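The values are calculated or read from the model by the stated rules, or taken from the named source; none is laboratory data. Since we're looking at a predicted model, the values are computed, not measured. Methodologically, a virtual Cβ is constructed for each residue, glycine included, from the backbone with ideal geometry; neighbour enumeration extends over all protein chains shown.
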Ligand SMILES: [Zn+2]
């Protein structure tokens, strides 16, 4: 017998203005190749208000039980000679919203907004990012305590025997950091500071022009994918807070902008002032955080884990210092969100599996193609059998790729 660890992925894509389409897929943790041949769609359905769609789960769980035995319907599913391959589900990958709304982990909008610790909005504030924060000793709580915080009645997957450790509903690095996450708040705050700095230019328009000239020069010197588009003033504020965002500012180019903003800070925030020193520490810690995770294989070395813990701590301290600097000036920069708190737990996840290896980037195109089929089949003769149409189309695509 050979055991192959597997992951389950759930996320929603846009279907119409009002409705989104949930896509559930699985893949091997060890697979290597394009999304079409490594991610397998199990189910897709419209996420209607108030409907839990729990009915899809018992058959999915039963299928995983069969896959874990190596046999489905009495037939060996895969093997090599006399060796049978068993496919074992070990983690579920999803975004913060589905993790809380769907699977019932402590909600980021709730009084205790973190599944990993007992931080709250009162005497153990989740907004305290310091190494000595009151919530820190509550991480790694007893497993019974962790499980007791999952909403009841439990989602069938949360109630199943697969949910047997605190890592089963894995926190997704992309949604935490890159996709409207910690990196967007960080870069928005740092660029927002520059936009207020008279040493950079006489007014906001002149400062923005300098930032964009530097951006172009940076990409000329550092060619590569995921370039940021020209930055507009409106790309630097969201709901009043400093945040890099906009239709053309995606998860991947937000992450890829970190070295550019690092260079920018070194050039324009290099005075001895406390806020400039904190800004440099912040962007350096963020760059090192990404470099460490992206430079490591599936299992992170002890030395890299120590580096990751150090730069996560540095980040928390510098971020909190800048939040305080901004607060005293009545500036809405460096918002400490539940996601910012969540970043503090990344080293704990990295000690189990490198979160970079199990993040949800590659599933995005599966969701895109599945939702495209849903949209095309929304009306007309394909509508009645839409679930089957989606699965057949994906299976046909897979078959053609493997045969040709
Ligand atoms: Zn926490």
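Every condition in (1) within 15 Å of residue 190 (Cβ to Cβ); (2) touching a residue at least 24 places away in the same chain (Cβ under 8 Å) holds for residue 273 except the one numbered (2). Checking each residue in the stretch 112-144 for being assigned to a loop (DSSP other than H, G, I, E, B) and under 24 Å from residue 163 (Cα atoms) picks out 112, 113, 114, 115, 116, 117, 118, 119, 139, 140, 141, 142. Here 297, 347, 355, 338 are screened, and the one residue that is more than 25 Å from residue 263 (Cβ to Cβ), surrounded by fewer than 18 Cβ atoms within 10 Å (Cβ to Cβ) and touching a residue at least 24 places away in the same chain (Cβ under 8 Å) is 297.
Give me a count of the residues in the stretch 318-347 that are assigned to a helix (DSSP H, G or I) and either within 17 Å of the chain's Cα centre (by Cα) or within 11 Å of the ligand (Cβ to nearest atom) (or both).
Matching residues across the stretch 318-347 total 8.
Only one entry of 351, 372 meets the criterion of being at pLDDT 95 or above and more than 15 Å from the ligand (Cβ to nearest atom), and that entry is 351. Applying the selection to the stretch 160-179, what residues are more than 25 Å from residue 340 (Cα to Cα) and crowded, with 16+ Cβ neighbours inside 10 Å? Once the filter is applied, which keeps residues that are more than 25 Å from residue 340 (Cα to Cα) and crowded, with 16+ Cβ neighbours inside 10 Å, the stretch 160-179 yields 160, 162, 163. Kindly establish whether residue 183 is at pLDDT 95 or above, surrounded by fewer than 13 Cβ atoms within 10 Å (Cβ to Cβ) and not in a loop (DSSP other than H, G, I, E, B). Against the criterion (at pLDDT 95 or above, surrounded by fewer than 13 Cβ atoms within 10 Å (Cβ to Cβ) and not in a loop (DSSP other than H, G, I, E, B)), residue 183 does not qualify.
For the stretch 358-404, the set of residues classified as surrounded by 17 or more Cβ atoms within 10 Å (Cβ to Cβ) and within 30 Å of residue 303 (Cβ to Cβ) consists of 358, 359, 360, listed by residue number. In the stretch 86-112, the qualifying residues are those that are within 13 Å of the ligand (Cβ to nearest atom) and either within 20 Å of residue 364 (Cβ to Cβ) or touching a residue at least 40 places away in the same chain (Cβ under 8 Å) (or both), and the one that is nearest to the chain's Cα centre (by Cα) is 96. Is it the case that some residue within the stretch 130-149 is crowded, with 18+ Cβ neighbours inside 10 Å and within 30 Å of residue 332 (Cα to Cα)? So far as the stretch 130-149 goes, yes, one or more of its residues are crowded, with 18+ Cβ neighbours inside 10 Å and within 30 Å of residue 332 (Cα to Cα). For the stretch 254-262, indicate whether the set of residues that are at pLDDT 95 or above, farther than 27 Å from residue 359 by Cβ and in the same structural domain as residue 309 (by TED's automatic domain parsing) is non-empty. No, the conditions are met nowhere in the stretch 254-262.
From the list 63, 32, exactly one residue is outside the structural domain of residue 146 (by TED's automatic domain parsing), within 25 Å of residue 365 (Cβ to Cβ), without any contact (Cβ under 8 Å) to a residue 40 or more places away in the chain and more than 22 Å from the chain's Cα centre (by Cα). Which is it? Break it down into steps so the answer makes sense when it comes.
Details: 32 fails: more than 22 Å from the chain's Cα centre (by Cα).
Result: 63 is the single residue among 63, 32 that is outside the structural domain of residue 146 (by TED's automatic domain parsing), within 25 Å of residue 365 (Cβ to Cβ), without any contact (Cβ under 8 Å) to a residue 40 or more places away in the chain and more than 22 Å from the chain's Cα centre (by Cα).
Only one entry of 187, 228, 236 meets the criterion of being touching a strand residue (DSSP E or B) at 6+ places or on another chain (Cβ under 8 Å), closer than 30 Å to residue 309 by Cα and in the same structural domain as residue 253 (by TED's automatic domain parsing), and that entry is 236. Scanning the stretch 113-132 for residues that are under 20 Å from residue 181 (Cβ atoms) and near the ligand (Cβ under 10 Å from one of its atoms) yields a count of 7.
Restricting attention to the stretch 244-265, the residues that are out of contact with any helix residue (DSSP H, G or I) (no Cβ under 8 Å at 6 or more places or on another chain) and part of a loop (DSSP other than H, G, I, E, B) add up to 3.
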